[in-house]
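Undergrad: The structure that follows is given in the form of structure tokens.
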Amino acid sequence: MIKIIVMTDIHITKKGNKIIGLDPMRRFQEVYGAAIADHPDAALIILMGDLTHHGKIIQYQRLSDALHNAPIPVLPMLGNHDIRENFREVFLDAPTDDAGFVQKIIDLPDHRLITLDTKDGPFDHHAGSLCPARMAWLKAALERANGRIPLVFMHHPPFKTGIIGMDNINLENGSEVLDLLAQYPTVHLFCGHIHRTISGSSRGVAWTMFKSPCHQGVLDLHDPDSSLSIDEHGTYGLLLLTKDGVVAHSQDVGFPQKIQRDAGSTTH
Ligand SMILES: [Fe+2]
């Protein structure tokens with residue numbers, strides 16, 4: 001069994017700048033530290049976009065410094081709060097496809113990991129998209145999986161969650177992406193962007209998304225404000241890759257966690 005740690009929506013700011021009173025770097029270090037301490041045998045850490053809050057070089061530099069000497073390989077992706085050029089200026093070894101998009105394929109014995117770059121337009125355009133070139137890249141990646149189970153990672157969900165503020169800025173050509181993914185019955189899709197742990201399926205495509213290490217989204221199905229945030233525990237995801245598929249765990253961090261036995265029962 002292969003373990004993969006997933007963290008999404010880190011939102012690193014300039015030193016001292018907070019988001020709803022939270023220090024994103026402190027929260028990232030807390031969650032990252034817990035994840036690698038709990039799972040030193042993980043094969044990979046995937047950072048699923050919104051690495052920074054404003055896409056500034058200094059913010060990428062702070063993240064790069066925090067990841068220096070990481071004991072587990074780190075695979076970064078981009079989100080709507082990122083600026084590709086600034087990211088690439090700092091993360092010189094970041095995986096890119098031939099067109100310069102931050103995308104990568106990793107083949108494991110039973111799985112093919114496909115990380116996508118859904119960033120679209122200028123910084124203040126928060127919806128995502130996969131242009132024809134990226135759609136063609138994804139199509140080829142899926143076609144050549146050679147029997148492996150495709151695990152697809154993208155920041156922007158290509159489906160609606162019911163949280164309308166975020167649904168208004170999801171993947172603009174989500175319908176096209178779902179139609180493609182639906183052709184692969186074993187595919188599992190992982191997304192970020194919403195800052196909540198949610199799972200479901202769309203057109204038969206199973207998907208999972210995770211909370212952020214920092215500020216979380218709100219379960220409000222009516223308010224169109226996509227900046228609504230709440231201070232809940234920081235979270236990382238842990239994927240267990242089995243011969244049969246994938247198991248997705250979500251782990252909260254940052255409060256006293258004491259494992260106890262229930263003296264009144266032998267089970268949950
Ligand atoms: Fe985010």
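Undergrad: Compare the Cα positions of Val74, His193, Ser175 along the charge dipole of the chain (+1 at Cβ of Lys, Arg; -1 at Cβ of Asp, Glu; about the Cα centre) and return the one farthest towards the positive end.
TA: After comparing all options, I get Val74.
Undergrad: Something else about it: So what J values fall out for region 116-131 if you push phi through Karplus, 6.51 cos²θ - 1.76 cosθ + 1.60 with θ = phi - 60°, rounded to Hz, Gly and Pro as x?
TA: 10, 10, 9, 5, 9, x, x, 4, 7, 9, 8, 6, x, 6, 10, 5
Undergrad: Stretched out fully, how many nm does the piece from His233 to Arg26 gain, at 0.36 nm a residue minus the Cα gap? Numbers along the way, then the final one.
TA: Working: separation 207, 0.36 × 207 = 74.52 nm, distance 1.26 nm.
My answer for the length gained is 73.3 nm.
Undergrad: Still on this model: Tell me which residues come under 5 Å, amide H to amide H, from Leu171 once H is placed; ignore anything under 5 positions away on its chain.
TA: Gly128, Phe159
Undergrad: Also, quick follow-up: Using just the helices of the chain, give the 222 nm mean residue ellipticity in deg cm²/dmol: DSSP H runs with n ≥ 4 each add -39,500 (n - 2.57), and the total is spread over all residues, rounded to 500. Walk me through the intermediate numbers first.
TA: Details: 6 runs with 56 residues, N = 268.
Here the helix-only value at 222 nm equals -6000 deg cm²/dmol.
Undergrad: Below 8 Å between Cα atoms, with a sequence gap of 6+, how large is the relative contact order for the chain in percent?
TA: About 20 percent, as a whole number.
Undergrad: Could you sort the peptides 2-14, 61-73 by per-residue average Cβ neighbour count (10 Å cutoff), highest mean leading?
TA: Numbers: 2-14: 23.5, 61-73: 13.2.
Put in order of decreasing packing, that is 2-14, 61-73.
Undergrad: Mind checking which aspartates and glutamates have their C-alpha under 16 Å from Lys243, skipping anything on the same chain fewer than 8 residues away?
TA: Straight-line reach from Lys243, under 16 Å: Asp107, Asp110.
Undergrad: List Leu221, Leu178, Leu138 from most exposed to least, where exposure is judged by having the fewest other Cβ atoms within 10 Å. Don't skip to the answer; put the middle values down first.
TA: Working: Leu221 11, Leu178 18, Leu138 21.
Result, fewest neighbours first: Leu221, Leu178, Leu138.
Undergrad: Mind putting a number on the dipole of region 2-253 about its Cα centre? Charges go on the C-beta only, +1 for Lys and Arg and -1 for Asp and Glu, and I need it in Debye to the nearest 20. Can you show the working numbers first?
TA: Values: 22 positive and 30 negative charges, 64 e Å.
Dipole size: approximately 300 debye.
Undergrad: R0 = 35 Å: FRET efficiency of His268 with Leu67, Cβ-based, nearest 0.05? Don't skip to the answer; put the middle values down first.
TA: Numbers: r = 36 Å, r/R0 = 1.04.
Once the sixth-power term is evaluated, E becomes 0.45.
Undergrad: Students often get this wrong, so check it: of Lys56/Lys160; Lys15/Lys56; Lys15/Lys211, which have C-alpha atoms separated by over 21 Å? Mind showing how you got there, number by number?
TA: On the way: Lys56/Lys160 29 Å; Lys15/Lys56 12 Å; Lys15/Lys211 23 Å.
Exceeds cut-off: Lys56/Lys160; Lys15/Lys211.
Undergrad: Residue farthest toward the positive end of the dipole of the chain, with Cβ of Lys/Arg at +1 and Asp/Glu at -1: which of Ile83, Ala133, Thr13?
TA: Thr13
Undergrad: Here's a follow-up. When the convex hull of the C-alpha atoms of region 61-151 is computed, what volume per residue in Å³ does it have?
TA: Working: hull volume 9.8 nm³, N = 91.
Normalising the Cα hull of region 61-151 by residue number yields 107 Å³.
Undergrad: Under 10 Å from the Cβ of Gln59, count the other residues' Cβ atoms, weight Lys and Arg +1, Asp and Glu -1, and hand me the total.
TA: On the way: positive: Lys14, Lys15, Lys56, Arg62; negative: Asp82.
Within the 10 Å Cβ shell, the charges total +3.
Undergrad: When DSSP assigns beta bridges and you keep just the ones with both residues in region 129-254, what percent turn out antiparallel, to the nearest 5? Walk me through the intermediate numbers first.
TA: On the way: 15 of 23 bridges.
Antiparallel: roughly 65 percent of the beta bridges in region 129-254.
Undergrad: Okay, next question. Looking at the chain only, what percent of DSSP beta bridges run antiparallel? Nearest 5 please. Mind dumping the intermediate values first?
TA: Numbers: 25 of 48 bridges.
Here the antiparallel bridges make up roughly 50 percent for the chain.
No value in this document is a laboratory result; all are computed from the given coordinates. Not measured: the values here are computed from a predicted model. We place every Cβ from the backbone using ideal geometry, glycine too, and count neighbours over all the protein chains shown.
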